[in-house]
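Each value in this text was obtained by applying a stated rule to the coordinates, not by laboratory testing. Because the structure is a prediction, the values reported are computed rather than measured. Using ideal geometry, Cβ is built from the backbone for each residue, glycine included, and neighbour counts are taken over all protein chains shown.
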Amino acid sequence: TSQNNGGDLRERVAEELLRSRARSTALTDAVDEHDLVRQHSKLMSPLVWDLAHIGNQEELWLVRDVGGREPVRSDIDEFYDAFKYGRSVRPELPLLNPVEARQYVGDVRGKVFDVLEKVPLEGRRLVENAFAFGMIVQHEQQHDETMLATHQLRTGEPVLHAPPPPAGTLIARTEVFVPGGPFEMGTSDEPWALDNERPAHTVHVDPFFIDTTPVTNAEYAEFVLAGGYRDRRLWTDEGWMHRTHGKLTGPRFWHREGTSFSRTAFGVTEPIVPDEPVVHVCFHEAQAYATWAGKRLPTEAEWEKAARHDPATGTSRRYPWGEEEPREEHANLGQRHLRPAPAGAYPAGASAYGVHQLIGDVWEWTSTDFHGYPGFEVFPYPEYSKVFFGPDYKVLRGGSFGTDSSAIRSTFRNWDYPIRRQIFAGFRCARDA
Ligand code: AVJ
Ligand code: FE
């Protein structure tokens, strides 16, 4: 009955709200007050901004809009509006201090639990209100991943700890053939899907090959040692300009000594692990590597077909492995580990075509600009996706070790500037058949 569905849904939402808050709390309690208000990089906000912004979005959408309640604080909205002030100027704003920010997000959350108990979850209200809660859960988790990237940029003693990921297995590290033809891309019935994942539509792709795993550190090191960063022919004009101005010589956080490489992650420096997917490379670096390897990046549609299409039924799956929610054996998600897992670590997570580690580990650059699908409709506001459509942003797919399972599925689309590499991004290669 709808009564029952409402009850189950309320419980699920409450659990997800608690889970995301536990993560935000852990990320912000891990450092002292000085570290919370500092800007660790011009590319990022102070951690205390992310925390209060999480609370402010929750207040706008769930307390005021869904709940129709009085504002908790109406005087601070503008300082937490991501469009009003960019990341680089946020430290100069009159922000809530850490004590006030924690108090604020707690006050908001208290009201949200009250709203969750009383709000109608039937008929059209079910769809609208359930989506609003789902969007806020995903928003908090997205900012948690952003805060994790800020942690990666901070210097000093390690403050985050996690067990190592599972070992790799001896899967075929090769490429698989994906036949051409139509498949269903995007979704119209995934309840928590954001506007840019909608609607489901048929897309035709030509036959192609795609790598079974993301490009690893060992493979990428070969490219660096072969002089890939000095070979103009491997880079596009824009890529070469960026590689020159940015003085790029290897992935962000790598250090080279002779012919060996180490890297620093969350305060720990160690030799690169050969079989782990390379991470912290920008789109241009990914593209240059692919050219060097005699391949190219997959288009967004190719990535999604390799991840979702089930040739036996002709339908598209929610996840590469099927319909079930991600479990530990499927994918490296949710900051359970502080690094990508070696190639072949998740055989249970492979897609119907035998492509591994599409979900989790590292975000994967595609060659596609971020645009709305045919029939795209803004929901619930243009600032979520629409204002980013155009040639400036490239689509990334699949999520990273820092992405929560509530904020990823095979239809999920992320985007960023092609020069960005503080995000947990790697890539895999494809080629025409
Ligand atoms: C989808 C990761 C690009 O962090 O800019 C957070 C998500 N939108 N708050 C971002 C988002 C509004 C967004 N990305
Ligand atoms: Fe946000």
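Phi-derived couplings, Karplus 6.51 cos²θ - 1.76 cosθ + 1.60 at θ = phi - 60°, listed residue by residue for the stretch 303-312: 4, 5, 5, 4, 7, 10, 6, 10, x, 5 Hz, with x used for Gly and Pro. Of the residues V37, V13, A433, the one whose Cα sits farthest toward the positive end of the charge dipole of the chain, with +1 on the Cβ of Lys and Arg and -1 on the Cβ of Asp and Glu, is A433. For the stretch 285-351, the Cα-based Rg and Dmax, in that order, read 14.4, 38 Å.
Let me know the longest stretch in the chain that avoids all trypsin sites (Lys or Arg not before Pro) found in a DSSP loop with at most 13 other C-beta atoms within 10 Å.
Values: sites that count: K42, K84, R230, K247, R327.
Longest stretch, sites excluded: 85-229.
For the stretch 340-401, the spread of Cα coordinates along the three principal axes comes to 38, 21, 21 Å, biggest extent given first.
At a 10 angstrom cut-off on C-beta neighbours, averaged per residue, how do the peptides 337-348, 179-190 rank from highest to lowest?
Working: 337-348: 22.2, 179-190: 16.2.
Sorting 337-348, 179-190 by mean packing, highest first, produces 337-348, 179-190.
Ranked by Cβ crowding within 10 angstrom, fewest neighbours first, how are L225, L194 ordered?
Numbers: L225 14, L194 20.
Placing the least packed residue first, the sequence is L225, L194.
Return one number: the angle in degrees, 0 to 90 and rounded to the nearest 10, between the long axis of the Cα atoms of helix 283-292 and the longest principal axis of the Cα atoms of the chain. Rounded to the nearest ten degrees, it is 20.
Within the stretch 220-295, none of the GluC sites (Glu not before Pro) combine a DSSP coil assignment with at most 15 other C-beta atoms in a 10 angstrom radius.
Would you mind classifying the stretch 82-209 by shape? Square roots of the alpha carbon gyration tensor eigenvalues, ordered a ≥ b ≥ c; an a/c under 1.5 is rounded, otherwise it is prolate if a/b is larger than b/c and oblate if not.
Details: a/c = 2.13, a/b = 1.27, b/c = 1.68.
Judged from the Cα gyration tensor, the stretch 82-209 comes out oblate (a/c at least 1.5, b/c at or above a/b).
Which of the pairs K295/K386; K84/K111; K84/K386; K42/K247; K42/K386 have their Cα atoms more than 21 Å apart in this structure? Mind showing how you got there, number by number?
Details: K295/K386 31 Å; K84/K111 26 Å; K84/K386 17 Å; K42/K247 18 Å; K42/K386 25 Å.
Table pairs above 21 Å Cα-Cα are K295/K386; K84/K111; K42/K386.
Think of the chain as having a plus end and a minus end, set by charges on the Cβ of Lys, Arg, Asp and Glu; of V178, F283, H161, F283 sits farthest toward the positive end of this dipole. Shape of the chain from the C-alpha gyration tensor: oblate (a/c of 1.5 or more and a/b not above b/c, with a ≥ b ≥ c the square roots of its eigenvalues).
Of I419, I210, how do they rank once you tally other Cβ atoms within 10 Å and put the fewest first? Mind showing how you got there, number by number?
On the way: I419 18, I210 24.
Listing I419, I210 from fewest to most nearby Cβ atoms yields I419, I210.
Summary of the geometry: the stretch 147-176 and the stretch 294-372, compared by the centres of their Cα atoms, lie 17 Å apart. For the stretch 49-150, GluC sites (Glu not before Pro) meeting the loop criterion (DSSP other than H, G, I, E, B) and having at most 15 other Cβ atoms within 10 Å: E122. Looking at the stretch 17-96, the chymotrypsin sites (Phe, Trp or Tyr not before Pro) that sit in a DSSP loop and have at most 10 other Cβ atoms within 10 Å of their own Cβ are F83.
I need M44, M241 ordered by Cβ neighbour count within 10 Å, fewest first. Intermediate results must be reported in sequence, preceding the final value.
Numbers: M44 22, M241 13.
By the 10 Å Cβ count, ascending: M241, M44.
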